[in-house]
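Step one of this worksheet: look at the structure below.
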């Protein structure tokens, strides 16, 4: 039987993040779930009642270092085996470049690009305690420069391209870890919309499988939830 690992998931209050937390708990893993507003995260609170011994729910905004430092202190030196940087935003005002508010771009970068960097830096001392830690950055195919054939969504595309560069750079700077950029697919979430092609459970299951199967050989690479390699 596989040894239970300690997973930290950001943006765990809804969508893919919440579904990954559910599936990890069903697999007997230890999970620390981070959310911006824990009292409002009703589904997480329900899971906490169901799995009090294996789930920890902590309030933290990924853009605020003080929040993250507080969360790390709560863990009291406990090792982290897998960090999933899932928190992200897509702003409605991102569709048209000419009318775009540049403050939207700044906020998108703050959450999608700097957020994962801040989280990873805060949890680094706990990740180094694991024999082979994994940092999984939930990105998007829209962050692929090679795959951009339509333009639009400038802030989101740029922020995810920056996140992909963070993945690549961290794979060299933190050689002990397996670092991945993962595209969840076009998922039926608040962000993806009802017209999306992939169910949340299917995406989460695939992402977790890619993370579990990852070896040092694939560190610094970009995959979708099916384990298929994607172009930068």
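The values are calculated or read from the model by the stated rules, or taken from the named source; none is laboratory data. Note that this is a predicted model, so its numbers are computed, not measured. Every residue, glycine among them, receives a Cβ derived from its backbone with ideal geometry; neighbour counts consider all protein chains shown.
Where strands (runs of 3 or more DSSP E) fall wholly inside the stretch 1-103, the ranges with 1 or more residues that are surrounded by fewer than 21 Cβ atoms within 10 Å (Cβ to Cβ), at pLDDT 95 or above and touching a helix residue (DSSP H, G or I) at 6+ places or on another chain (Cβ under 6 Å) are 55-59. Name every residue in the stretch 117-156 that is out of contact with any helix residue (DSSP H, G or I) (no Cβ under 7 Å at 6 or more places or on another chain) and part of a loop (DSSP other than H, G, I, E, B), in order of residue number. Scanning the stretch 117-156 gives 128, 129, 130, 131, 132, 144, 146, 149, 150, 151, 152. Considering every residue within the stretch 152-159, establish whether at least one is crowded, with 17+ Cβ neighbours inside 10 Å, in contact with a strand residue (DSSP E or B) (Cβ under 8 Å, 6 or more places away or on another chain), modelled with pLDDT under 95 and farther than 20 Å from residue 9 by Cβ. Within the stretch 152-159, none of the residues are crowded, with 17+ Cβ neighbours inside 10 Å, in contact with a strand residue (DSSP E or B) (Cβ under 8 Å, 6 or more places away or on another chain), modelled with pLDDT under 95 and farther than 20 Å from residue 9 by Cβ.
Residues in the stretch 203-232 that are surrounded by 14 or more Cβ atoms within 10 Å (Cβ to Cβ) and in a loop (DSSP other than H, G, I, E, B): 214, 219, 220, 225, 226, 227, 230, 232.
Screening residue 227 on (1) in contact with a helix residue (DSSP H, G or I) (Cβ under 6 Å, 6 or more places away or on another chain); (2) closer than 19 Å to residue 17 by Cβ; (3) at pLDDT 95 or above shows it passes everything except condition (2).
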